[in-house]
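The values are calculated or read from the model by the stated rules, or taken from the named source; none is laboratory data. What you see is a predicted model, and the numbers here were worked out from it, not measured in a lab. With ideal geometry, Cβ positions are generated from the backbone for all residues, glycine too; neighbour counts draw on all protein chains shown.
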Amino acid sequence: MNTVKSPPTARKKVLKTPSPAIKKSSPTLSAPVDDIRDAVTKLKRERIISTALELFNENGLNNTTLFAVAEKMNVTKPFIYTHFKSKNELLAEICSRGIRASLNVLDSVVASEGSPTEKLRVFAHEFMLAVIENQSHIAIYTREEKNLALESKKAIQKMRREFDRKFCVLLEQGVTDGEFQVADVQLTALSIGGLISWSYVWYRPDGRLSKKETADHVAELVLAMVKTKR
């Protein structure tokens, strides 16, 4: 008896449904978020510094606690510790503001185009404004330097030495180019630096001259000190 073979069953093709594409978040989207976060953190730090500066000026460092700073700000002490580990770290930040701002001015002027005379005029003017803007910070540094941690003292002294060295280079360039008449560059640099730095003692915001007018006059005095040929 012959067996009749059944025709082979056709295999059904299983169509695979493509997986939906997973969208990766663009890294550029996080950048604005990071910028905002950094700006908020900076704002909080500046608020702490401003409040501490006010209390240090009014009551002195030893009579001001971080609890007092927090109370003045209407925040808790942990909020302060999030940004500063100790009162001494907060003091170091305040004390370094003046010399850091002055060094930034000098670096900007040195990197700019212009003759030594033009650079010195701009430097003296902007240096004076930097001192005025950081008047209270410099006053605290002068008064409380003895209370700084050794590491903080060294860091500030290093910036001061860098400032003096770079300023001497600027004056030496003016002498070399025949624009300045200076017998002792180092002594002249220290004298100009002292003249402007000491203004934190005598400048008054409500005084006879505005900040800009004061800076203009001081810049002219500095140019006269080096006997510039204008």
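Going through (1) out of contact with any Gly (no Cβ under 7 Å at 6 or more places or on another chain); (2) more than 21 Å from Ile49 (Cα to Cα); (3) in a helix (DSSP H, G or I); (4) of a type in the set (S, T, N, Q) one by one, Thr117 falls short only on (1). From the set of residues in region 109-126 that are farther than 11 Å from Thr228 by Cα and of a type in the set (Asp, Glu), which is farthest from the chain's Cα centre (by Cα)? Ranking the qualifying residues of region 109-126, first place goes to Glu113. Arg161 passes every criterion in (1) loosely packed, with under 14 Cβ neighbours inside 10 Å; (2) under 30 Å from Thr64 (Cα atoms) apart from (2).
Before we move on, is Ala68 out of contact with any Lys or Arg (no Cβ under 7 Å at 6 or more places or on another chain), surrounded by 18 or more Cβ atoms within 10 Å (Cβ to Cβ) and not assigned by TED's automatic domain parsing to the domain that holds Val201? For Ala68, the condition - out of contact with any Lys or Arg (no Cβ under 7 Å at 6 or more places or on another chain), surrounded by 18 or more Cβ atoms within 10 Å (Cβ to Cβ) and not assigned by TED's automatic domain parsing to the domain that holds Val201 - is not met.
For every residue, the table says whether it meets (1) out of contact with any helix residue (DSSP H, G or I) (no Cβ under 7 Å at 6 or more places or on another chain); (2) among the hydroxyl-bearing types (Ser, Thr, Tyr); (3) surrounded by fewer than 16 Cβ atoms within 10 Å (Cβ to Cβ).
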| position | (1), (2), (3) |
| --- | --- |
| His83 | no, no, no |
| Ser86 | yes, yes, yes |
| Arg97 | no, no, no |
| Glu113 | yes, no, yes |
| His125 | no, no, no |
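Quick grid of which residues meet (1) more than 19 Å from Asn104 (Cα to Cα); (2) modelled with pLDDT of 95 or more:
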{"position": "Ala149", "(1), (2)": "yes, yes"}
{"position": "Ala155", "(1), (2)": "no, yes"}
{"position": "Val182", "(1), (2)": "yes, yes"}
{"position": "Ala189", "(1), (2)": "no, yes"}
{"position": "Pro205", "(1), (2)": "yes, no"}
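Looking at Asp107, is it in the same structural domain as Leu223 (by TED's automatic domain parsing) and farther than 23 Å from Asn57 by Cβ? The answer is yes for Asp107. Is it the case that some residue within region 190-201 is exposed (fewer than 12 other Cβ atoms within 10 Å of the Cβ) and touching a Ser or Thr at 6+ places or on another chain (Cβ under 9 Å)? Scanning region 190-201 turns up at least one residue that is exposed (fewer than 12 other Cβ atoms within 10 Å of the Cβ) and touching a Ser or Thr at 6+ places or on another chain (Cβ under 9 Å).
Among residues that are surrounded by fewer than 17 Cβ atoms within 10 Å (Cβ to Cβ), at negative phi and of a type in the set (A, V, I, L, M, F, W, C), Ala149 is included.
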